[in-house]
1. Any residue that is exposed (fewer than 10 other Cβ atoms within 10 Å of the Cβ) and of a type outside the set (S, T, N, Q) - is there at least one of those in the range 4-14?
2. Take Leu18 and tell me if it is among the hydrophobic types (A, V, I, L, M, F, W, C) and within 19 Å of the chain's Cα centre (by Cα).
3. If I ask for residues that are in contact with a Gly (Cβ under 9 Å, 6 or more places away or on another chain), assigned to a helix (DSSP H, G or I) and not charged (D, E, K, R), which ones from the range 10-21 would you list?
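The values are calculated or read from the model by the stated rules, or taken from the named source; none is laboratory data. The structure displayed is predicted, hence computed values, not measured ones. Ideal geometry is used to build each Cβ from the backbone, glycine not excepted, and the neighbour counts take in all protein chains shown.
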Amino acid sequence: DHVLAWLFPLHTGQAFGLPGRIVLVILGVIPTCLYMTGVFLWWNRRRARDPRNRSIPSA
């Protein structure tokens, strides 16, 4: 019963006050940042392999 009483405060961030909420916000933002940097790296690698973007060497 004691564990069940902690579920809601843990879920909402009330269990550890403001520092706990700050940690939860950071943990929530990290996956979004990882996703965005992954797309950015993939896009740049994709553009580098595209033969249309390669310059023709001059004589």
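1. First pass over the range 4-14, keeping only residues exposed (fewer than 10 other Cβ atoms within 10 Å of the Cβ): 4-5.
Filter once more, keeping what is of a type outside the set (S, T, N, Q): 4-5.
Checked against the condition, which is being exposed (fewer than 10 other Cβ atoms within 10 Å of the Cβ) and of a type outside the set (S, T, N, Q), the range 4-14 yields at least one hit.
2. No, not satisfied.
3. Let us first name the residues in the range 10-21 that are in contact with a Gly (Cβ under 9 Å, 6 or more places away or on another chain), namely 10, 13-14, 20-21.
Then keep just the ones that are assigned to a helix (DSSP H, G or I); that gives 10, 20-21.
Answer for the range 10-21, where residues must be in contact with a Gly (Cβ under 9 Å, 6 or more places away or on another chain), assigned to a helix (DSSP H, G or I) and not charged (D, E, K, R): Leu10, Gly20.
For (1) among the aromatic types (Phe, Trp, Tyr); (2) at pLDDT 90 or above, each residue gets a yes or a no:
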{"position": "Phe8", "(1), (2)": "yes, yes"}
{"position": "His11", "(1), (2)": "no, no"}
{"position": "Gln14", "(1), (2)": "no, no"}
{"position": "Tyr35", "(1), (2)": "yes, yes"}
{"position": "Phe40", "(1), (2)": "yes, yes"}
{"position": "Arg45", "(1), (2)": "no, yes"}
{"position": "Ala48", "(1), (2)": "no, no"}
{"position": "Ser55", "(1), (2)": "no, no"}
{"position": "Ala59", "(1), (2)": "no, no"}
